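Enquirer: First, the structure itself, so that you have it in front of you.
Please treat every number below as a calculation from the coordinates, not as lab data. Keep in mind that this is a model prediction, so the values were computed, not measured.
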């Protein structure tokens, strides 16, 4: 370290010798020149001026910052006040909304009770309608039965009047149909209200001195259809041997026919065994072949001469 300082001193000595040999004065250091004479005063004044300017600038900036801080504080206070006011308003609105919600809940509860009452009333109305429909059906059934009884009484009255007239005239001929039978064009007809297989129905008619009805004309067809209504009803036509025959021997080929289109077809798909060998009235009055074992209603026919 001491060696370096000595070297530095030697260099400085050499520089001074060089300036002197060349007739030049040795240059003084900058700070020495600056602070010597009037120069130090000017420098100090300039430095003071710079410091003053700096202080003024800093003071101005500080004042500006203070004003900005005051403004920010005021703004913050205003924002805080507004926020508090808004929060209070929201709180007030929340209370109002809560009251509205409570009121709506109460109204909904009332409506639910009304709806439940309406449903209960609807159930009662449906029950009453069901009962009313049943009563109406029973009344219709009773009315139909009453009409049938009245019609039967009228038929019986006609038969009784016929027999009374025969007794008064001492007429020994059998010109009246039996009781509960209907007269038409010189024949008597009896209409069942229950069902039997075809063979049993024919046997019943034979016990009454008659046979299953034989349809010989359109007029007779209409008369029988009028009294059978919509019920399936056996007539005296069958083909047990593959040939259609009337029970009284009337020729089938030349006699009146009223088959439904496509009938008779002797259908075997009914699952009851065999084909379809017996004829009956359909609900519209047309004829159809069917299994003879089915329990349909039937019509007996006899002539006035055999009646009684």
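Enquirer: Can you list the equivalent-ellipsoid semi-axes of segment 59-151, largest first and in whole Å, using the square root of 5 times each Cα gyration tensor eigenvalue?
Expert: Details: eigenvalues 1484, 25, 4 Å².
Value: 86, 11, 5 Å, ordered largest first.
Enquirer: Largest first and in whole Å, give the semi-axes of segment 171-219's equivalent ellipsoid, each being the square root of 5 times a Cα gyration tensor eigenvalue.
Expert: Working: eigenvalues 87, 42, 20 Å².
The answer is 21, 15, 10 Å, longest axis first.
Enquirer: Could you give the length gained on full extension between residue 86 and residue 200, defined as 0.36 nm per residue of separation minus the Cα-Cα distance, in nm? Write down the numbers at each step before the final one.
Expert: On the way: separation 114, 0.36 × 114 = 41.04 nm, distance 10.12 nm.
Length gained, residue 86 through residue 200: 30.9 nm.
Enquirer: Let me ask something additional. With the calculation restricted to Cα positions, what are the radius of gyration and Dmax of segment 205-308 in angstrom?
Expert: 13.5, 43
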